[in-house]
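In what follows, a single structure is set out as structure tokens and then discussed.
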Amino acid sequence: MKTILIIEDEKNVNELLAKTLSEADFETLSAYTGLEGLEFFRQKKVDLVLLDLMLPYKSGDEVLREIRRENDIPVIVISAKEMVRTKIDLLTLGADDYITKPFDLGEVTARVISCLRRYGGIGHNKQLIYKDMILDLEAKTVMVNGKEIALTATEYQILELFLQYPNKVFSKANLYETLWNEEYLGEENVIKTHISNLRNKLRSVSADTEYIETVWGLGYRLMQ
Ligand code: CA
């Protein structure tokens, strides 16, 4: 279940948002000042922040700036219409979207869902998982054994191919032509080098697991 942090000082508005989002199956946390909001943000698992701009003591844009210093969690700003000069202002602040008051509660829920979806949190499977490896198709990153490994673009592409077709044996010609979109003229050392570098990088974070299998005479595939 996704958790939405609501930072809004008007008690009735905060409660109304919490009630609406709970009905849409979200977990909610209500904070009534910016400081309290930041405290929740740092201490709890939060998936999205709904942030009012007009807050006492610490204003919403300060809160947003502090959140952005720490991570890129989706933030939807709630603001009075006259405060939103241009959408650019808010996007410059680091907001992902904004809603102007008075708002429609159904719209709030829809924005929250859409924002989480864009962020990759709901519905879309943008990760490929194999053993303890998580390949993120959007960020183009690979985590193994809990650690991100630094790959070259080619190494990443090879892994992505293997994870997309986990049973397929890729011949060197297959790999070469897919990766470089050029006819293979026997450049097998190029492929061998990339595979060997890739294996070394994987071994450096996960010494006991084999990820890539050599199928003698045929090519390579994910270890079955
Ligand atoms: Ca307010």
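Values computed for the structure shown
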{"item": "Hits in the range 27-38 - residues which are of a type in the set (A, V, I, L, M) and within 15 Å of the ligand (Cβ to nearest atom)", "result": "ALA31, LEU35"}
{"item": "Identity of the residue in the range 39-77, of a type outside the set (Val, Ile, Thr), within 16 Å of the ligand (Cβ to nearest atom) and in a helix (DSSP H, G or I), that ends up farthest from CYS115 (Cα to Cα)", "result": "GLU62"}
{"item": "Out of LEU38, LEU48, LEU53, LEU29, sole residue that is hydrophobic (A, V, I, L, M, F, W, C) and touching a Cys at 6+ places or on another chain (Cβ under 9 Å)", "result": "LEU48"}
{"item": "Test set (1) farther than 17 Å from ASP52 by Cβ; (2) outside any helix (DSSP H, G or I); (3) modelled with pLDDT of 80 or more - GLY123 fails condition number", "result": "(3)"}
{"item": "Among residues of the range 1-22, those that are free of Cβ contacts under 8 Å to residues at least 24 places away in the same chain, surrounded by fewer than 16 Cβ atoms within 10 Å (Cβ to Cβ) and away from the ligand (no atom under 13 Å from the Cβ), counted", "result": "3"}
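The values are calculated or read from the model by the stated rules, or taken from the named source; none is laboratory data. It should be emphasised that the depicted structure is a prediction, and the values quoted were computed from it without experimental measurement. So basically every Cβ, Gly included, is an ideal-geometry build from the backbone, and we count neighbours across all protein chains shown.
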